[in-house]
1. Confirm whether ALA103 is closer than 19 Å to ASP8 by Cβ and out of contact with any Ser or Thr (no Cβ under 7 Å at 6 or more places or on another chain).
2. With GLU61, GLU114, GLU108 as the choices, which residue is closer than 14 Å to LEU6 by Cβ and at pLDDT below 90?
3. Search segment 28-44 for residues being assigned to a helix (DSSP H, G or I) and of a type outside the set (Gly, Ala, Ser), and hand back the single one that is nearest to LEU118 (Cα to Cα).
4. Among LEU118, LEU93, LEU53, which is the only one that is in contact with a helix residue (DSSP H, G or I) (Cβ under 9 Å, 6 or more places away or on another chain), buried (at least 17 other Cβ atoms within 10 Å of the Cβ) and more than 18 Å from VAL20 (Cβ to Cβ)?
5. So which pairs qualify, if the first residue must be in segment 37-54 and over 20 Å from GLU12 (Cβ atoms), the second must be at pLDDT below 95 and not in a helix (DSSP H, G or I), the Cβ gap must be under 9 Å, and the two must be at least 6 apart or on different chains?
6. Give me the pairs: first residue in segment 102-117 and basic (Lys, Arg), second residue at pLDDT below 95 and not in a helix (DSSP H, G or I), beta-carbon distance under 8 Å, and six or more apart or on different chains, which are they?
7. Restricted to segment 95-113, and to residues that are part of a helix (DSSP H, G or I) and under 11 Å from the mean Cα position of the chain (by Cα), which residue is farthest from CYS54 (Cα to Cα)?
8. Give me the pairs, please: first residue somewhere in segment 67-82 and touching a residue at least 24 places away in the same chain (Cβ under 8 Å) and farther than 17 Å from GLU31 by Cβ, second residue anywhere and surrounded by fewer than 14 Cβ atoms within 10 Å (Cβ to Cβ) and of a type in the set (A, V, I, L, M, F, W, C), beta-carbon distance under 9 Å, and either six or more positions apart or on two chains.
Amino acid sequence: MAESTLYDRLGEYDGIRAVVDVFYEKLQDDEELGPFFEDADLEKLRETQTDFLCDAAEGPETYDAEPVREAHLHVPFSPSHIHRAIELLYETLDESGVSDEDADKIVEAIAAYEDELLASPSNDE
């Protein structure tokens, strides 16, 4: 029998979407991060984040939205914001029964984009 993929272990699209939904609820409710989402199209964000994680988990969905850097240029994130979001993501993954090893893989996929998430128009290359 073939070894299951991260995508399979996360419950495929529906399981990943469930994690994303809870994660975005936590982001919205967070005192520090919530203001970033007040005027956001949350359904679009949830869809693109789900596709991103499905893609990162080697599922059939692909992330074909705007590049991460361009999508976040207007958002004044600081490193502490990124670290707080990662804390909330780990919390969500733990509550969803995701193993520590798989949670690390998911966070690593997102953390690889930290520079892009922190970019601003003033540090354009």
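The values are calculated or read from the model by the stated rules, or taken from the named source; none is laboratory data. Treat the numbers as computed from the prediction; the structure is a model and nothing was measured. All Cβ positions, glycine included, derive from the backbone under ideal geometry; neighbour counts span all protein chains shown.
1. yes
2. The conditions single out GLU61.
3. This residue is PHE36.
4. Just one listed residue meets the conditions, LEU118.
5. Filtered contacts from segment 37-54: LYS44/ALA65.
6. LYS105/ALA57
7. Filtering segment 95-113 for residues that are part of a helix (DSSP H, G or I) and under 11 Å from the mean Cα position of the chain (by Cα), the one farthest from CYS54 (Cα to Cα) comes out as ALA111.
8. none
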